[in-house]
Amino acid sequence: MEKLILLPVFVQVLLTSVVMILMGRRRIRAAKNKEISIAAFKTMNLTGANEQVIATSRNFDNQFQMPMLYLFSVLFTLQLGLADTAYVALGAAFVFLRVLHTFIHIGTNNVRLRFNVFLLGCAVLWAIWLRIMWQVCLA
């Protein structure tokens, strides 16, 4: 089970890497098109950049927020010997929702849909942490 619980982690790492590459490509294109100056990258002032550049940059930042809590939950789960099918399923659901959130954010950027997917992902993450707390307190 310990190996299976890492599969969603690998997908999350891949997602973050893909967003990083896409962000870089969009930023370079914007700089080449003179939408933003190279100097803007000193302070990451993206004023004047197009919506795609800003959304992709924000999404990359997002990959180091709630997903970090997920990654810590996996570490705790493994350290405490709690890994089971439920954690694998919850982890897979969380990462699937992160992938969906990313597609929405850097695609159509439908704010209402994106927010609902984000909240659902948060609910899954809270379920993971509540389950860990429950198991630790009952041990």
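Please treat every number below as a calculation from the coordinates, not as lab data. Remember, it's a predicted structure, so these values are computed and weren't measured experimentally. Using ideal geometry, Cβ is built from the backbone for each residue, glycine included, and neighbour counts are taken over all protein chains shown.
Rounded to the nearest 10 degrees, the angle from helix 51-62 to the longest Cα principal axis of the chain is 30 degrees.
Where Lys and Arg each count +1 and Asp and Glu each count -1, what net charge lies around LEU80 among other residues with Cβ under 15 Å from its Cβ? Around LEU80, the charge tally is -1. Axis of helix 66-79 versus longest Cα principal axis of the chain: the two differ by about 30°, to the nearest ten degrees.
Show me the ranking of peptides 94-101, 39-46 by mean Cβ neighbours inside 10 Å, starting with the highest. Intermediate values should be presented prior to the final figure.
Working: 94-101: 20.6, 39-46: 11.1.
In descending order of packing, they fall as 94-101, 39-46.
Cross-link reach is defined here as a Cα-Cα straight distance under 19 Å, omitting same-chain residues fewer than 8 places apart; for LYS3 the aspartates and glutamates meeting it are ASP84.
Can you tell me the orientation of helix 7-32 relative to the chain, as the angle in degrees between its alpha-carbon axis and the longest Cα principal axis, to the nearest 10? On a 0 to 90 degree scale, this one is about 10.
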